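*Asks:* Got a structure here, written out as structure tokens. Questions coming.
Just so you know, all these numbers are worked out from the coordinates, no wet-lab data involved. Bear in mind the structure is a predicted one, so any value in this text is a computation, not a measurement. A quick note on method: Cβ atoms are made from the backbone with ideal geometry, for glycine too, and the neighbour counts reach across all protein chains shown.
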Amino acid sequence: MWSNWKKEEAKNGAIPSQLLWDVDMARFDWHKGRALVAQRVAERGDLDDFYAMFSLYGGVDEVRNIYKNEVTELNPRALTFISVAFNLKKEEIKCYTHKRSKAIPWDY
């Protein structure tokens with residue numbers, strides 16, 4: 001899906017601050033917070049946000065590894081999208097193997 005992505009398509013590598021509404025952007029460490037960024041982009045972002053994330057974190061393969069190894073929570077819809085978009089089995093994605101033992105009532 002991402003094979004045609006080019007760095008020029010990213011909007012200056014800028015992730016919209018609206019996706020990180022609960023974070024102090026002045027003190028946010030983009031490297032340490034990359035799992036949070038990836039989660040928010042998957043759940044609430046658009047295609048441009050994915051391109052910006054690719055630019056910010058070094059490409060499609062690096063972002064794929066973030067989803068595979070670091071993101072610990074995704075809603076079911078985002079999990080399915082990430083599985084298809086990055087050609088991963090759900091079982092390969094960390095958040096699928098570390099599901100909550102009790103479901104959140106508003107989880108869809």
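*Asks:* In region 21-33, is there at least one residue being surrounded by fewer than 20 Cβ atoms within 10 Å (Cβ to Cβ) and assigned to a helix (DSSP H, G or I)?
*Replies:* Let us first name the residues in region 21-33 that are surrounded by fewer than 20 Cβ atoms within 10 Å (Cβ to Cβ), namely 21-33.
Next, from what is left, pick out any that are assigned to a helix (DSSP H, G or I): none.
No, every residue in region 21-33 fails to be surrounded by fewer than 20 Cβ atoms within 10 Å (Cβ to Cβ) and assigned to a helix (DSSP H, G or I).
*Asks:* For a quick check of your reading of the model, give me the residue pairs whose first member lies in region 46-75 and is polar (S, T, N, Q), whose second is exposed (fewer than 14 other Cβ atoms within 10 Å of the Cβ), with beta-carbon atoms closer than 7 Å and at least 6 apart or on different chains.
*Replies:* SER55/LYS7; THR72/HIS98; ASN75/ASP107; ASN75/TYR108
*Asks:* Sticking with this structure for a sec: Are any residues in region 49-87 surrounded by 14 or more Cβ atoms within 10 Å (Cβ to Cβ), assigned to a helix (DSSP H, G or I) and among the charged types (D, E, K, R), and if so, which ones?
*Replies:* ASP49, ARG64, LYS68
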